[in-house]
Amino acid sequence: MKLVTDRLIIRDWQPLYDAQQAFDIYSDSRVTRWLQSDADDSLRITKDRLQRYRQRCINGLGVWAVVEKAIDRAIGSILLVGLPNNDKTDSGKVEIGWHFRPASWGYGYATEAAAATLNYGFKELALPTIYAVTTPENIRSQRVMIRLGMESLGFTDKYYGHTLRLYGLSAENYSSGQLASIVDSTESASAPLT
């Protein structure tokens with residue numbers, strides 16, 4: 001999968017090539033605290049993480065690298081995956097999420113990558129609704145969700161074993177909203193970068 005925006009390329013993770021850049025993201029506790037996981041402490045662990053991300057790329061869904069074009073560097077991940085229930089069974093819902101290195105926070109990259117991914121999910125995968133979850137303390141992610149036009153659906157204890165804020169955006173609300181115009185210039189291709 002490949003999406004291109006004004007400043008970003010969204011593509012499959014390449015574990016050998018991307019390991020160091022991904023390690024810079026996932027070895028930072030300022031990132032992993034929001035994932036309720038420990039920071040990666042070796043490149044091997046990060047390579048294993050990226051391999052798991054590649055294995056989740058099925059039926060058009062997945063976890064992909066977000067590359068900043070200007071520096072040709074992976075600065076984060078964007079995901080569009082099944083939202084698992086607490087018991088890890090399929091909830092029947094699809095979630096969008098993002099993880100970015102702190103040096104890239106505050107520049108609109110999460111919003112830009114998520115807008116392109118929502119467009120892909122609604123227009124190419126024909127998803128009826130896309131959800132997002134975050135810890136109540138993660139105000140930055142909640143602001144991104146609001147900028148994307150997602151509606152707060154309150155608090156939930158159904159996912160990831162924690163109380164989370166749940167947001168959702170329907171295809172109907174997406175197509176009638178302003179977000180669709182943000183991503184009109186987004187290019188999409190199903191082949192990875194060469």
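The values are calculated or read from the model by the stated rules, or taken from the named source; none is laboratory data. These numbers were taken from a predicted model, which means no experiment stands behind them. Methodologically, a virtual Cβ is constructed for each residue, glycine included, from the backbone with ideal geometry; neighbour enumeration extends over all protein chains shown. Areas reflect the complete protein model, heavy atoms only, side chains present, ligands, DNA and RNA absent. Shrake-Rupley method; radii C 1.70, N 1.55, O 1.52, S 1.80 Å.
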* Two-decimal log10 I(q)/I(0) for region 108-158, as the Debye equation yields it once each C-alpha is a single scatterer, q = 0.17, 0.19, 0.30 Å⁻¹ -> -0.56, -0.68, -1.24
* To do: Using a 10 angstrom cutoff on alpha carbons, build the Gaussian network for the chain and name the most mobile of GLN55, GLN21, GLN142.
  => GLN55
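Return one whole number: the accessible area per residue of the chain in Å², for a 1.4 Å probe. All intermediate terms of the calculation are to be shown ahead of the outcome.
Numbers: 9710 Å² over 194 residues.
Accessible surface, normalised per residue, equals 50 Å².
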* For region 1-68, with only Lys/Arg (+1) and Asp/Glu (-1) charged at the beta-carbon, what is the dipole magnitude about the Cα centre, in debye rounded to 20? -> 240
* Asked: On the accessible surface of the chain, probed at 1.4 Å, how many percent belong to carbon and sulfur atoms?
  -> 49
* Can you pull the accessible area of LYS47 for me, 1.4 Å probe, Å² to the nearest 10? -> 80
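Give me the dipole magnitude in Debye, nearest 20, for the chain about the Cα centre, with unit charges on the beta carbon: positive for Lys and Arg, negative for Asp and Glu. All intermediate terms of the calculation are to be shown ahead of the outcome.
Values: 22 positive and 22 negative charges, 33 e Å.
The dipole of the chain has a size of about 160 debye.
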* Asked: What residue among SER29, ALA132, ALA116 has its Cα farthest toward the positive end of the dipole of the chain, where the charges are +1 on Lys, Arg and -1 on Asp, Glu, each on the Cβ?
  -> SER29
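Which entries in the list LYS2/LYS88; LYS47/LYS93; LYS93/LYS158 go over 21 Å, if you measure between the two C-alpha atoms of each?
Working: LYS2/LYS88 28 Å; LYS47/LYS93 28 Å; LYS93/LYS158 12 Å.
Those over the limit are LYS2/LYS88; LYS47/LYS93.
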* **Sequence-separation-based contact order of the chain, relative, with Cα cut under 8 Å and 6+ spacing, percent** => 23
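In deg cm²/dmol and to the nearest 500, what is the mean residue ellipticity at 222 nm of the chain if only DSSP H runs of at least 4 residues count, each as -39500 (n - 2.57), divided by the residue total? Don't skip to the answer; put the middle values down first.
Working: 7 runs with 59 residues, N = 194.
The helix contribution divided over the chain gives -8500 deg cm²/dmol.
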* Asked: Using a 1.4 Å probe, how large is the accessible area of MET150, given in Å² and rounded to the nearest 10?
  -> 10
* Structure fact -> Of ASP157, ASP41, ordered by accessible area with the largest first and a 1.4 Å probe, the sequence is ASP41, ASP157
* In whole angstrom, how long is each semi-axis of the equivalent ellipsoid of region 1-113, when you take the square root of 5 times every eigenvalue of its Cα gyration tensor and sort them from largest down? -> 21, 17, 14
* Structure fact -> For region 62-155, the convex hull over Cα atoms projects on average to an area in nm² of 6.7
* Computed from the mean reciprocal separation of all distinct C-alpha pairs, what Kirkwood hydrodynamic radius does region 62-103 have, in Å? -> 11.6
